Each structure stands twice: as C-alpha cells, then as structure tokens.
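Notes for the one structure printed next.
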Amino acid sequence: MSGYTGELKELIKKAEATRPHRVERARRGEHFSALTMEERERWLKRYHPDCKNEGRKKVGVGPNSGQAFPEEVSLLLESKSILDPESVILDNADYTTDVLIIGAGGAGTAAALAASENGSHVILSTKLRHGDSNTVMAEGGIQCADQECDSPYFHYLDVMGGGHFTNDPALASALTNDAPLTMGWLEELGMMFDKLPGGRMKVRHGGGTSRKRMHSAGDMAGAEIMRVLRDETRNRTNGINGIKVLEFSPAVELLTGKSGDVSGAILYNLETKEYYIVRAKAVIISTGGFGRLHIQGFPTTNHYGATADGIVIAYRAGAELRDMDSTQYHPTGAVYPEQNVGLLITEKVRGLGAQLLNVDGEEFSFALEPRDVESSCIIRECLEVQKGIPTPTGRLGVWLDSPMIDALHGEGTVRKELPAKHIQFRRYNIDISKEPLLVYPTLHYQNGGIKIGENGETAVKGLFAAGEVTGGVHGRNRLMGNSLLDVLVFGKRAGKGAAEYAKSIPGCSAPTLEHVKRFGRELKSAGVENPVTGPLLLPDYAPPHVKKRQWD
Amino acid sequence: MADKKKITQLAAGDRTIPPDGAKMIPFYLMGSEYLVPETLTIMKAVEYAGYQYIRGCGCRGGICGACATFYRFTGDYRLKAGLACQTVVGPGMIITQLPFFPANRPDYNLDNLDNTRGDLHAELRRLYPEVFKCIGCGTCTRTCPMDIDVMDYIALMKRGDLKGAAYKSFDCVMCGLCASRCPAQISQFTAAMFVRRLVGKYMLPKAGHLEKRIEEVKSGKYEKMLKKLSKMKPEELRKLYIEREREPDLAEPGVWMPEDKECL
Ligand SMILES: Cc1cc2nc3c(=O)[nH]c(=O)nc-3n(C[C@H](O)[C@H](O)[C@H](O)COP(=O)(O)OP(=O)(O)OC[C@H]3O[C@@H](n4cnc5c(N)ncnc54)[C@H](O)[C@@H]3O)c2cc1C
Ligand code: SF4
Ligand code: SF4
Ligand code: FES
C-alpha cells in the first residue's frame, strides 16, 4: 500500500547515508550555523512570500485606506454586507446581555470565563461548535518564563527579537508579565501539563527562544487547554453571570449606537438561516485568523472557520488594523501524502533535534531559526537552489529528518513525544520514527489584525478584541508557544475589561446599522465596483466540475 | 521524476488535487453514490462530491472530534468508525457522519468537592454512577478512532486508578463515537474529561517554581524591568537580544544558570 513511492524511497536513502554523521555532530552540540541578523533580513526580503508584490491590493476604504494587503484580505475588507442595512428592523432584540463574545476558541472562552468572574452575563456566539478553532490544533506548547534561569525580561527580549522589534512594547510586556499568572490559572483549572515527578514543568526550546520555556501537554497542548476551558464554561451556564453558548451562529455584522459605540451584533443561524439580534453593552471579537483564505494559494494548517470574519465586521465599524500584510508561513507543513497536505508538523519535531535536508540529504539551515526565516530558507532551497524533493502530485518539499530524534534521545521517543503525528502518518504506512517527513511552508498564522490596547480595547467604544484576530503582540512574526499564551492573557484581559466597561455604562445604546450604511456609501464613492459579499463564514471546496453545474 | 526543468510554480491550495491518473471509485454518502478519486479522505471526498459542510467539520486535522463517522463496505458486515478528516475512502464505502451525539455531563464545582469531602473516587461515583455498570463488552475500544483502550480507562476508573484513567484517556478528541455504541449507556468521554481535571488539579504535584514566579509577578518585580525595556531604543534592544545567553539544548530543566543573573 501507499507509504512512500519507490522514487521517494530511493531519495530517502541519501538522507539515511548522512544521518550517522549528523547525529554524531548533534551529540557534540554542533549545528549548522544560524544566519546573522543581516543574512536573515536578506533571506526574508528575497524569499518570504510576504515580500512578493504580486497578489497584493490596496484597500480603498476604511481606517487603513491606502495600505496594501494580500488581495484575498483586501477584497473582503472592501466587501459589502450580507444584509441590506436599510431593510433590517432592529426594534426587538432576541437576546440581551452584558458582554457578547464572538468566536469561541481559546481567546473567546478565556474572555467568557473572565467576564463572568467579573460579574457580567455573557453570550458566547460561535460559528462551529464551541472549541472548533485554531486553539484546539496547537500542538507544540505554550511559553512561560517560570524556570529559575528565566524571567519575563528574557521572554520579552525573545518576543521582540522574534518579531523583528516591530511589536507593540506595551502588549509584549503584558504578555510576558501575565504568563506565569495564566499558567497558574490553567493548573488550578485542572490542566494536565507535562511534568517531572516532583512537579517541575517539562520545558523545551522553541524557534527563537533563549531559555527553555515551552510547556506541553503531550503533543496536544491546545486541545487540552481548549477542552478544559470549555468544560469549565459548561459548569457556569446559570445565574446572572452565567455564560450562554450559541453554536453555529456566527456574527455577520456589529450593531452600533448613535455615537458609533458598539451595542451588539447580528448573528446568523447557519442551519435555520435565521438572523438574531443581540444587544450587549460590550462586544469582544475573538474570531481567530484567516488561514482559510488561502493567501497566494498556499495550503493552510488552520481550522475550517478561519475566514477573517471578525476583521471584516470590525473594520466596517471603524476598528483600525495593523500588520495585515504580514502572514506567518509555518516552515513545516506536510506535502506528502496528499491527504496530509497542509497538516502542521509541529516545531517540537525540530526542537527534539530533527534537521531539514535537501534532496541530497544535506543540511541547508539551522533548524531552529525563527519561523519566517526558516520558511525563507526552505523556499530558497527549493526554488532557487533547486534542491527540493518533488512529490507525485506536483508539490515540492524538503526532508524533516524525524528518525534523528530516536537516534538522539533513544528508541521510542518519537512515539512518546509525538503520538498524534505518529498515528497520522502511520495511517498512510509511514513510520516517522524510521522515515523522514516531506515538508514545505504552509499558511499558518495571521500576524496582524485589529489594533488593541493592553486590555483588548479597540478604537471603537464598547468593542474589544483578543487573540489571533488582533495585531501588535507579536509584531510581524510570532514565535511558537506565544500565541496560545497571547489568546489566554488577552482573552482574560479583554473579558475583564469588557465586564468593567459594561458596568460603567448605564445601558446599551439603541442599536443601528448606521456604520454599515456609511461603509456602503464609502465603497461607492471610492469606486469599488461589484464588491464581494462578506464576511465569508465558510470556505467552499467544491471542485470545478461541481461548480459548473451549481447553476445559481 | 528525472525532469530537470526548473520548478518555480507549486501546486498548492486546499482543494483536492487528485494524483496523476487517480482511479475513480464509487463512494456512498448516506446511500447516494458519487464517484471520487481514491486516496481522498472521507471529508475531502464529501466536498469533492459537492457538499459544503456546516456540521461535521472542524479542525480538518484529526483533533477536534467534529467529524465522527461510521462506515461499512458493501458486502462486508463489519461496522467501522473513524474521523472523516483522517480516514481514506475505499471502493464501495458507505458512510454516515455523526456530527453530534447526546452525552451525559453533570455540572460540578472543581473547587468544591465537599459532597464527598475531597474523596475523588467518591466524587466520580456520585457524578457518574453509570461508569460502574460497564459490562466489559469492548465495543468502545473497537470504535475509538484514536486507538484508545476506552474499556480499559473505564475499568481503571472503576478500580479507582484515576491517574491511570487520565493518562489512558489523554488522547481523546471527544468525538462521542464510544458513547454512541455503549450498551451500558455510558458517556465515557465526559467522565474521562472530569477525571482528567481532577487529576490535573488534585493529583499531579504542583509546579513549585511556577508558584514562586507567580508570587514574584504579583509583587510587581518585573514591571520595572519591562518598562525599562519598553522604553529602550531599537539599537539598544537589539544589542541585548543578540547578546542574550542561550540555555544549552541538553541541559536538564532547572539546572543551568546564565552568567547574567541581574534580570531573573
Ligand atoms: C495547527 C496549528 C498549530 C498551532 N500550534 C501552536 C502552538 O503550538 N503554540 C502556540 O502558541 N500557538 C499555536 N498555534 C496558534 C494558536 O493555536 C492560535 O493562534 C490561537 O489558538 C488562536 O486562538 P483564538 O482564540 O484567537 O482563535 P481560534 O482558536 O481560531 O478561535 C476562533 C473561533 O471563532 C470562530 N469564528 C470565526 N468566525 C466567526 C464568526 N463570524 N462568528 C462567530 N465565531 C466565529 C471560529 O470558528 C473559532 O471557533 C497553532 C495554530 C494552528 C492552526
Ligand atoms: S474515547 Fe470516545 S470520545 Fe474519545 S476519541 Fe475515543 S471514541 Fe472518541
Ligand atoms: S461499550 Fe460500554 S459497556 Fe462496553 S466496554 Fe465500553 S464502556 Fe463498557
Ligand atoms: S475535523 Fe476535527 S477531527 Fe476531523
């Protein structure tokens, strides 16, 4: 059956031939030299997909008017509403609450718990099921400076350096300072971190870390965090500070008061196709990233609902965005077998010692460069040096030499440390403890997003945001393990911030869709012809031969 | 393969690219026949047939449990289960997805186990008495798409080995397939969720170094350092970044210390 094809098996032999020598060197602590800061910049400029000019488009309207973003993003920012704002009657609310949270991944759920703890009644609306999100997919781990040799100071340096010093310093400070508090909170909620027998956290390095501070829970840190938070939410559905969860009910538009402050949202029941009006004193957007827009045709690691909805509706209400032209490609997405294309191969594999090899079985980069740099190295090796490995379906990749892990740390390490990956490839008759993986960069993370302050507040009154949907925390490049941390730290901060704001105002202002009407007028005067309808909500993967027959 | 022409364009995107000369096979979606290329996952085959998912699709990566699926092959009596995003279609495969299955999940307060004076096993008995009615048929284990020995973690729960049950059930994606087949009407995965949280909170030793760091953060120790860094010029910050020491890869946790201890 499948496994690797004969040709690929032949090529694997070249990697096997160089392995003993590479393992020897790794044992001595010798590795391929990392790029200097100057080389990094040069490589990024020449090879990173963000730096290509084709596929970009200037936005003609809204707070970021004049800036060029990936075409897929710009088209949605210039999209028209799903609703006709002139004909929607907003007199009767279907739900009234203190805090409405849009998007129930890690950030939204942390925000819900925090808002509830701060006395607010919460509605948590989400597009798929509670927890079907990018959060559940995070495998590698979560960063926190809790070792004796570490501190938020060094964590901060790593965050800023990783982001090429483009981060918002206040947000990076909040992130690193709150990290231990957040980890303590998770421990109290009964999360099963990987620990040594005495209770000490198991920690590892990640790309761009100076200290080992990657904490894990098997290879499913995100899933463990998500299921624990979701479980806790389910314990707190009752009371005046209860949390009501509405699944399969994505937000399609915000509601604003006369002065432009946010006062609720319109949700859409994907199954009954009804719209619901929710009035809220404060709204938190936590809809995650945009991987499913498949920027420049890249495959993605993201979950099915990652379609940039939050940004689209917040933009119409006047929220400013930052760094939206910056996208993180994870250096190691699977390109073989076809069924696993786009699947993330966690950085942990490299953290444990697996190296990247070209078609001749040679190392061509330091395996723990920051992600954007590593991606550039791989793209360069494949497209410029032409030493990529072609797959039977016309993709290109490089080897990620996972068998090195057992060679370095003992037989069985791969199975123990990477159980899910081991299963996912064993299904296709590939034993990753014995055969390397074929990888290429894949669209992974939205670096930019809605501009926020330290408590998740945005430029629009009453509107908060947290998680991947925001920009600034990581600047133009995020390090692994800082995003799970980000969504929890700022989810909690936004939850508390929104609850306090809700308490501070007498009631929610009468809801209108004035901002949508205004946005429609702006589109017209900017000459945007035939705008697409947004937000996108769900990607469409029907093949061309089906589309042709879907007559309407 | 031996093609030497320079490759500059990559096949990409998420829409299925059937491998060259892919064979088309009949596939039955809730009884309706569609021809799809072999080697697709069930999820991609359903989309290839023209469906757009609302339910039954979440992460597309085998970890969220949204895509639980039962299937059979024509002419074969055996019932199989899997995740649609992870299972490859075969000729004559008949599938139905199970995007939701009702489960029993009593509320509880993890901080307050007074009902049973902190006796964790008694707490399990109180909330999930049905767990103790398992008849050991093994259907759950045979059904689990994550290859978890579900029957065994239930047995460990019965015996009071909660830690064992927590680790044994750790890979659970909460798809609900086990519960859908249990003759004793047990919702194995919700009971396991409860047990894992009990173990995480009450049975795993606390991380002492974390506790200490939390105290330090609460005392405001790092705020001044961070403020100073926040105000620094990029050149200065860059210098600190380049000069920072790196903990050696093979250092045991908690052993290595840097030369520069001022900002710990
Ligand atoms: C495969 C993978 C591996 C990763 N590994 C790591 C890692 O090891 N460490 C790390 O720190 N980070 C990792 N990340 C990144 C990290 O997981 C995410 O950035 C983070 O979890 C995002 O959390 P969030 O709550 O902001 O968004 P999400 O978790 O994506 O949640 C957003 C939610 O909003 C919903 N939604 C979308 N649109 C709407 C709408 N219109 N209305 C209502 N709801 C909507 C979505 O369906 C989703 O449920 C990984 C990401 C991926 C994809
Ligand atoms: S234990 Fe049950 S719910 Fe969990 S993955 Fe297995 S079948 Fe699904
Ligand atoms: S299916 Fe139910 S009764 Fe059968 S072994 Fe599993 S838990 Fe026990
Ligand atoms: S879609 Fe998440 S497990 Fe299949």
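Sort out which residues of the range B:143-164 are within 12 Å of another protein chain (Cβ to nearest Cβ) and either basic (Lys, Arg) or more than 8 Å from ligand 2 (Cβ to nearest atom) (or both), and write them in order of number.
B:Asp147, B:Leu162, B:Lys163
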Exercise. So which residues in the range A:425-453 are open to solvent by less than 10 Å² (accessible area, probe 1.4 Å) and either part of a helix (DSSP H, G or I) or without any contact (Cβ under 8 Å) to a residue 24 or more places away in the chain (or both)?
Worked result: A:Phe425
Problem set entry | Condition met for A:Asp98 (surrounded by 18 or more Cβ atoms within 10 Å (Cβ to Cβ) and not aliphatic (A, V, I, L, M)) | yes
Exercise. Quick check, is B:Leu198 open to solvent by less than 50 Å² (accessible area, probe 1.4 Å), over 17 Å from the mean Cα position of the chain (by Cα), at the interface with chain A (Cβ under 8 Å from one of its Cβ atoms) and farther than 30 Å from A:Gly410 by Cβ?
Worked result: yes
For this session: Taking B:Ala165 as the residue in question, decide whether it is away from ligand 1 (no atom under 16 Å from the Cβ), touching a strand residue (DSSP E or B) at 6+ places or on another chain (Cβ under 6 Å) and within 26 Å of A:Arg200 (Cβ to Cβ).
Result: no
Exercise. Based on what the data block shows, is B:Ser180 in contact with a Phe, Trp or Tyr (Cβ under 9 Å, 6 or more places away or on another chain), modelled with pLDDT of 95 or more and either more than 16 Å from ligand 4 (Cβ to nearest atom) or not assigned by TED's automatic domain parsing to the domain that holds B:Ala122 (or both)?
Worked result: no
For this session: Output the qualifying pairs, or none if there are none: Cβ atoms under 6 angstrom, residues six or more apart or on different chains, first residue in the range A:32-58 and more than 13 Å from every other protein chain (Cβ to nearest Cβ), second residue open to solvent by 90 Å² or more (accessible area, probe 1.4 Å).
Result: A:Cys51/A:Lys45
Problem set entry | Residue, nearest to ligand 4 (Cβ to nearest atom), within the range B:125-140, restricted to residues that are without any contact (Cβ under 8 Å) to a residue 60 or more places away in the chain and buried (at least 17 other Cβ atoms within 10 Å of the Cβ) | B:Cys140
Exercise. Do we find that A:Glu411 is away from ligand 1 (no atom under 15 Å from the Cβ) and either in contact (Cβ under 8 Å) with a residue 60 or more places away in the chain or of a type in the set (Phe, Trp, Tyr) (or both) in this structure?
Worked result: no
Exercise. Could you say whether any residue in the range A:435-451 is more than 20 Å from the chain's Cα centre (by Cα) and of a type in the set (Gly, Ala, Ser)?
Worked result: no
For this session: Would you be able to tell me the number of residues in the range A:168-183 that are open to solvent by 10 Å² or more (accessible area, probe 1.4 Å), more than 7 Å from chain B (Cβ to nearest Cβ) and under 20 Å from A:Asn477 (Cβ atoms)?
Result: 1
Exercise. Under 6 Å by Cβ, and 6 or more places apart or on different chains, what pairs join a residue from the range A:527-545 that is closer than 20 Å to A:Ile311 by Cα and open to solvent by 50 Å² or more (accessible area, probe 1.4 Å) with one that is of a type in the set (A, V, I, L, M, F, W, C) and modelled with pLDDT of 90 or more?
Worked result: A:Val532/A:Leu75; A:Thr533/A:Ile82
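Tally the residues that are within 9 Å of ligand 2 (Cβ to nearest atom) and either open to solvent by 10 Å² or more (accessible area, probe 1.4 Å) or more than 14 Å from chain A (Cβ to nearest Cβ) (or both), restricting the search to the range B:174-186.
Residues that pass the stated criteria total 7.
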Exercise. Of A:Ile389, A:Ile295, A:Ile345, A:Ile311, which residue is under 29 Å from A:Val159 (Cα atoms), open to solvent by less than 10 Å² (accessible area, probe 1.4 Å) and not assigned by TED's automatic domain parsing to the domain that holds A:Val473?
Worked result: A:Ile345
Exercise. Could you say which residue among A:Glu86, A:Glu117, A:Glu72 is away from ligand 2 (no atom under 16 Å from the Cβ), assigned by TED's automatic domain parsing to the domain that holds A:Ala314 and open to solvent by 40 Å² or more (accessible area, probe 1.4 Å)?
Worked result: A:Glu117
For this session: State whether the residues of the range A:279-302 include one that is without any contact (Cβ under 8 Å) to a residue 60 or more places away in the chain, within 12 Å of chain B (Cβ to nearest Cβ) and farther than 24 Å from A:Asn118 by Cβ.
Result: yes
Exercise. Are there any pairs, at least 6 apart or on different chains, whose C-beta atoms fall under 9 Å, with the first in the range A:459-472 and away from chain B (no Cβ under 14 Å) and assigned to a loop (DSSP other than H, G, I, E, B) and the second within 16 Å of ligand 4 (Cβ to nearest atom) and hydroxyl-bearing (Ser, Thr, Tyr), and if so, which?
Worked result: A:Gly467/A:Thr135; A:Glu468/A:Thr135
For this session: Check whether at least one residue in the range A:42-59 is more than 16 Å from ligand 3 (Cβ to nearest atom) and more than 30 Å from A:Asn477 (Cβ to Cβ), and report yes or no.
Result: no
Exercise. Quick one: would you say A:Ala145 is part of a helix (DSSP H, G or I), modelled with pLDDT of 95 or more and within 15 Å of ligand 1 (Cβ to nearest atom)?
Worked result: no
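Does the range B:51-73 contain at least one residue that is within 16 Å of ligand 1 (Cβ to nearest atom) and more than 21 Å from the chain's Cα centre (by Cα)? Show your work before the answer.
First pass over the range B:51-73, keeping only residues within 16 Å of ligand 1 (Cβ to nearest atom): B:52-67.
Narrowing the set further to residues that are more than 21 Å from the chain's Cα centre (by Cα) leaves B:52.
Checked against the condition, which is being within 16 Å of ligand 1 (Cβ to nearest atom) and more than 21 Å from the chain's Cα centre (by Cα), the range B:51-73 yields at least one hit.
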For this session: Among the candidates B:Ala45, B:Ala84, single out the residue that is closer than 25 Å to A:Arg427 by Cα, more than 7 Å from chain A (Cβ to nearest Cβ), buried (at least 18 other Cβ atoms within 10 Å of the Cβ) and more than 16 Å from ligand 2 (Cβ to nearest atom).
Result: B:Ala45
Exercise. Can you find a residue in the range B:116-124 that is within 12 Å of chain A (Cβ to nearest Cβ) and either under 19 Å from the mean Cα position of the chain (by Cα) or open to solvent by less than 30 Å² (accessible area, probe 1.4 Å) (or both)?
Worked result: yes
Exercise. Residues of the range B:19-28 being within 15 Å of B:Gln97 (Cβ to Cβ) and either open to solvent by less than 10 Å² (accessible area, probe 1.4 Å) or without any contact (Cβ under 8 Å) to a residue 60 or more places away in the chain (or both), which ones?
Worked result: B:Phe27
Exercise. Looking at (1) in contact with a Leu (Cβ under 7 Å, 6 or more places away or on another chain); (2) closer than 25 Å to A:Tyr156 by Cβ, can you tell me which one B:Gly164 breaks?
Worked result: (2)
Problem set entry | Close pairs from the range A:119-133: first within 9 Å of chain B (Cβ to nearest Cβ), partner open to solvent by 10 Å² or more (accessible area, probe 1.4 Å) and away from ligand 4 (no atom under 16 Å from the Cβ), Cβ under 6 Å, at least 6 apart | none
Problem set entry | Output for the range A:431-451, where each listed residue is of a type in the set (D, E, K, R) and touching a Lys or Arg at 6+ places or on another chain (Cβ under 8 Å) | A:Lys451
Exercise. Looking at A:Glu411, A:Glu369, which one is in a loop (DSSP other than H, G, I, E, B), over 29 Å from B:Ala22 (Cβ atoms) and open to solvent by 10 Å² or more (accessible area, probe 1.4 Å)?
Worked result: A:Glu411
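The values are calculated or read from the model by the stated rules, or taken from the named source; none is laboratory data. In this text, all values refer to a predicted model and were calculated from it rather than measured experimentally. Glycine gets a Cβ as well: all are built from the backbone with ideal geometry, and neighbour counts include every protein chain shown. Side chains included, ligands, DNA and RNA excluded: accessible areas come from the protein's heavy atoms. Shrake-Rupley method; radii C 1.70, N 1.55, O 1.52, S 1.80 Å.
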